[in-house]
Amino acid sequence: MRNSRLRTLSGVLAAGALIAGLSGTTAQASENTANTATAAPAEIGIRFNSDGDAGQCGGLAGQQWGVSPDFTRAIRFDTDNRPGGCQLSFGVFDPNNTLAGASISYSFRASAGGDAGQCGNPGTYQMPIQRFRTFGPQVRVDTDNRPGFCNLTFSVSGRSDVILEIRYFADGDGGQCVNTLPSDQAHTAFAGSPVTIGIDADGRPGGCQMQLRLQKV
C-alpha cells in the first residue's frame, strides 16, 4: 500500500512539473511574440554632403534616418562644372535585430564608355546593418559635361520579406536622370532583383531627386 501511495504521489508531482514546464514554454512564446510585435522597425539612413559648391547637393544635407512607412526626405543631385561634388553613403539602424540574415548593398560605377572621373570611389559596398547608427563607405558624384554618367545600384539578399524602395525623379531636364519614375512611384529592390538608377546631372536645367524606404513585407 505504501509503495502504491508513493507511486501515486510521484505521478502527481511529475504531472505538476510537466504542466509548469508547458506553462513556462507558453509564457516564453507569448513573450517572444509580444517582443517581436513591439520591436522598433529598422531605419534606412542616408549621409549626403557637399565637398565643394553646396548648391550641387540639394535637399537634406548631412544625415537622415527614415522609418517605414515614411520615405526619407529627398536628396538632390545637381552637379555640373562648379567646384566639388556630392559625397554619398548609406546604412541601416536595426536596434532589435529585425533584419537578421538580410544583406543590403550599393554599387557605384561609371556607365559603359563614360568618364570614370565623374564617379568617385567606385565599387560595391555593404550597408552596415547595426544596432547603432553608422554608414558604409562614401561614394562621390561629380557628374558634369564629360561623357557618360554614374550608375548607382541597390541590391537586397538573404531574406525574401525585406524590400528597399527607391523613388527617383527629375525636376527639370529628364535626360539627366536615368531610369526615373513619377515622383509618387518607386522602384523596388528585393532578393534577386536589384535596381539601378543613373546620375547624369550637368549644366542642363534642374536635377535628380532620390528618396528611400526600407520595409518588411
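Which value in Å does the Kirkwood hydrodynamic radius of the stretch 115-176 take, with 1/r averaged over all unlike C-alpha pairs and then inverted? That comes to 14.6 Å for the stretch 115-176. Using a probe of 1.4 angstrom and keeping all protein chains present, the accessible surface of the stretch 121-217 works out to 43 square angstrom per residue.
When you restrict to C-alpha pairs under 8 Å that are six or more residues apart and normalise by the size of the stretch 91-137, the relative contact order lands at 54 percent. Here the stretch 114-133 is scanned for amide nitrogen atoms under 18 Å from the site 7 Å beyond the Cα of Asp53 along Cα-to-Cβ, giving 118-119. Amide H contacts of Ser111: Phe149, Cys150, Asn151, each under 5 Å away and 5 or more positions distant or on a separate chain (H built 1.01 Å from N in the peptide plane; Pro and chain starts excluded).
At an R0 of 22 angstrom, the distance between the Cβ atoms of Arg159 and Arg133 translates into a FRET efficiency of 0.55.
To two decimal places, what compactness ratio does the stretch 153-217 give when its Cα radius of gyration is scaled by 2.2 N^0.38 Å? Display every interim value, and only then the final one.
Details: Rg = 12.9 Å, N = 65, 2.2 N^0.38 = 10.7 Å.
For the stretch 153-217, the normalised Cα radius of gyration is 1.20.
Sequentially through the stretch 147-163, phi angles give Karplus couplings (6.51, -1.76, 1.60; θ = phi - 60°) of x, x, 7, 10, 9, 10, 10, 10, 10, 10, 8, x, 9, 8, 9, 10, 10 Hz, Gly and Pro residues having no value and appearing as x.
Of the solvent-accessible surface of the stretch 87-206, computed with a 1.4 Å probe and all protein chains present, 48% belongs to carbon and sulfur.
Subtracting the Cα-Cα distance of Ala40 and Ser103 from 0.36 nm times their residue separation leaves 20.8 nm of extension gain.
The values are calculated or read from the model by the stated rules, or taken from the named source; none is laboratory data. No experiment lies behind these values; they were computed from the predicted model shown. Please note: Cβ atoms are built from the backbone with ideal geometry, for glycine as well, and neighbour counts cover all protein chains shown. When the accessible area is computed, the model is the full protein with side chains, heavy atoms only, and any ligands, DNA or RNA have been set aside. Shrake-Rupley method; radii C 1.70, N 1.55, O 1.52, S 1.80 Å.
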